[in-house]
Structures are given as C-alpha cells and as structure tokens.
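So the structure is just underneath, and the comments pick up after that.
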Amino acid sequence: MKLGHIELPSATCRAVGQVLARIGDKWSVLVIILLSHRSHRFNELRREIPVVSQKMLTTTLRGLERDGFVTRTVTPSIPPRVDYALTDLGRDVLVPLNAVAHWALEHQETVLAARAAYDARAEAA
C-alpha cells in the first residue's frame, strides 16, 4: 500500500489500521475527550456518557490502556478507587482528533446534503 509516495509493507498497514480503529472508535474518542480535561473514575465516565454500556466502557478503557493512551491507577481504599487519566500519547492524539472534529463541524452540512442526494437517487432507482 502507498501512503502518499511512501510504500508501506502490509504488516505496517495492519498496525496502522489497528491504531486508527482504536482512536476512531466513537467510545474511545468520547473517553479521550473527557479525560483531556482531568482524570475520571469509572462511574464518572458512565455518567458523562450515559448511552454507553458498562461492558463497552470497560472494553474501551482496557483497549485504551493496552494501547498506551490511558493509565489506570488503583488507590487502595474501601471501596478501591480507580482513576483513569490520559498518558502523553493520549494527549498527543488530541491534536488529530481535534482537527478531525473541527473538520466535521465545518463540513457537516455538505455531508448531510451529500447523504440526502444519495438517498434520493437510491430511492428513485
């Protein structure tokens, strides 16, 4: 595969695809954005993203931790306190995420118009 004029081996393409899948996932994006302001406990994240299931949030946080975007800190207490925070890598990924978010805001009307035109053509066919 070529990225611009750079030839990438297939193993690199798979690795890049896996990273993009992680940071492009809707729950990951929301978690990263929330953690950009401060660390959060699990239930705080659940309250901030009420449409995500407990299982999906757990899976998302584990994936983000595994990929190095988030740290999980357990403070021994009763009950144990678990805090999630962005790592340096997690803060770095905010730059392209913010750029994509701004692009989406600027172009949402164009995308919606393209969808409507496509749907109208599909319906007419």
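With respect to the conditions (1) of a type in the set (D, E); (2) exposed (fewer than 15 other Cβ atoms within 10 Å of the Cβ); (3) over 19 Å from G17 (Cα atoms), D83 lacks only one, and its number is (2).
Tell me yes or no: at least one residue of region 22-35 is farther than 21 Å from A101 by Cβ and either of a type in the set (A, V, I, L, M) or surrounded by 12 or more Cβ atoms within 10 Å (Cβ to Cβ) (or both). No, every residue in region 22-35 fails to be farther than 21 Å from A101 by Cβ and either of a type in the set (A, V, I, L, M) or surrounded by 12 or more Cβ atoms within 10 Å (Cβ to Cβ) (or both). Within region 22-40, the residues that satisfy the criterion of being assigned to a helix (DSSP H, G or I) and out of contact with any Ser or Thr (no Cβ under 9 Å at 6 or more places or on another chain) are I23, G24, K26, V29, I32, I33, L34, L35. A count restricted to region 78-125 and to residues that are of a type in the set (F, W, Y) and not in a helix (DSSP H, G or I) stands at 1. In region 8-28, the residues that are in contact (Cβ under 8 Å) with a residue 24 or more places away in the chain reach residues that are surrounded by 11 or more Cβ atoms within 10 Å (Cβ to Cβ) and of a type in the set (D, E) with C-beta atoms within less than 8 angstrom, at least six apart or across chains, in these pairs: V19/D67; R22/D67.
Checked against the criterion of being exposed (fewer than 10 other Cβ atoms within 10 Å of the Cβ) and under 13 Å from the mean Cα position of the chain (by Cα), region 91-113 has at least one qualifying residue. When every residue of region 112-125 is checked against the conditions, none turns out to be out of contact with any Phe, Trp or Tyr (no Cβ under 8 Å at 6 or more places or on another chain), modelled with pLDDT of 95 or more and under 17 Å from R22 (Cα atoms).
Can you find even one residue in region 58-76 that is out of contact with any His (no Cβ under 9 Å at 6 or more places or on another chain), touching a residue at least 40 places away in the same chain (Cβ under 8 Å) and assigned to a helix (DSSP H, G or I)? Outline the logic, then answer.
We begin by selecting, within region 58-76, every residue out of contact with any His (no Cβ under 9 Å at 6 or more places or on another chain); these are 58-76.
Still in the list and also touching a residue at least 40 places away in the same chain (Cβ under 8 Å): 63-64, 67, 69.
Imposing the further condition that a residue be assigned to a helix (DSSP H, G or I) reduces the set to 63-64.
Scanning region 58-76, I find at least one residue that is out of contact with any His (no Cβ under 9 Å at 6 or more places or on another chain), touching a residue at least 40 places away in the same chain (Cβ under 8 Å) and assigned to a helix (DSSP H, G or I), so the answer is yes.
Residues to consider are G68, G4, G63; find the one that is modelled with pLDDT under 80 and under 24 Å from A101 (Cβ atoms).
Among G68, G4, G63, only G4 is modelled with pLDDT under 80 and under 24 Å from A101 (Cβ atoms).
The values are calculated or read from the model by the stated rules, or taken from the named source; none is laboratory data. Predicted, not measured: the structure shown is a model, and the values here were computed from it. Please note: Cβ atoms are built from the backbone with ideal geometry, for glycine as well, and neighbour counts cover all protein chains shown.
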